[in-house]
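Computed from the coordinates by the stated procedures, all read-outs in this text should not be read as laboratory data. In this text the structure is predicted, and so the values were computed from the model without any measurement. A quick note on method: Cβ atoms are made from the backbone with ideal geometry, for glycine too, and the neighbour counts reach across all protein chains shown.
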Amino acid sequence: MKCLLCFSRVALAVSALCAAGAFAQSALFEDDFEWGGGVPNPAIWPQVVGATLESSGTYFGSNNTYLRISGAGRKVFSSDWSAQLTGRTSTFAFDYYEPSSSTGYWVTGYAAGTSDINVDGAFARISLAAGAVSLNATEGTWTINTGTTTYPRDTRLTLSLVLNHTPVDQPFNGSLLPAKTMEVWYYNWQTHETVYALTIATVASARSPTSPSSINKASSPSPKPSPMIKASSTCT
């Protein structure tokens, strides 16, 4: 199997509770990968294994540089943002394109401490594969609700991981985001629909979020194309 993950723009947004009882988010970091290098900027992505930058594909438009992760064990980790993420709400969002011929799966979410996101020390994470999103369980996390956990392939989507790490429910999307939970949503650029996928409980986790991270879990080579990723910030 072979995964091709392409990020064209990456950002992490964090929020502070406003007097009105809702939260507004501001970007902690953003990367459009147009810095001119052949690999991700180490000032933003200090831990990269096997990932490169390309611009030959048009998954997110022409003349668009994106991050490619192809092959087993490829990893991309952002800097440690624990001081800004712990006890607050945040959103990690990315555009995602998964060809129908792709194989393998991809793990993404929030790491914890210096732990690899692919070990039990991770904070909260999901798996994306073959048109389905699911919890990739780590200690102290479980699925508490689901909506539409499938998504169309061969279609540009924007996935959002919305984390409420505060001890109280927070206003979100006309409802409430429960305390110590992470919701997963996606936006379909073809139908212009926003879709709720699932909610993950993190209240029993003894860890705190540190950085958005991803890993390609494909286990063997294949000539087939795989998911394309492009990330951008969203505000709630």
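Assorted remarks:
- Here the peptides 26-35, 168-177 are ranked by packing, the mean other Cβ count within 10 Å, and the order with the highest first is 26-35, 168-177.
- Segment I44-S127, extension gain: residue separation times 0.36 nm, minus the distance between their alpha carbons: 27.6 nm
- Taking other C-beta atoms within 10 Å as the exposure proxy, W81, W142 rank W142, W81 from fewest upward.
- Gain upon complete extension [D32, A206; 0.36 nm per residue less C-alpha separation]: 59.3 nm
- Relative counts (whole %) of C-alpha pair distances in the stretch 22-140, using bins that are 10 Å wide: 11, 39, 39, 11, 0
- Fully extended contour minus Cα-Cα distance, from S100 to I144, at 0.36 nm per residue: 13.0 nm
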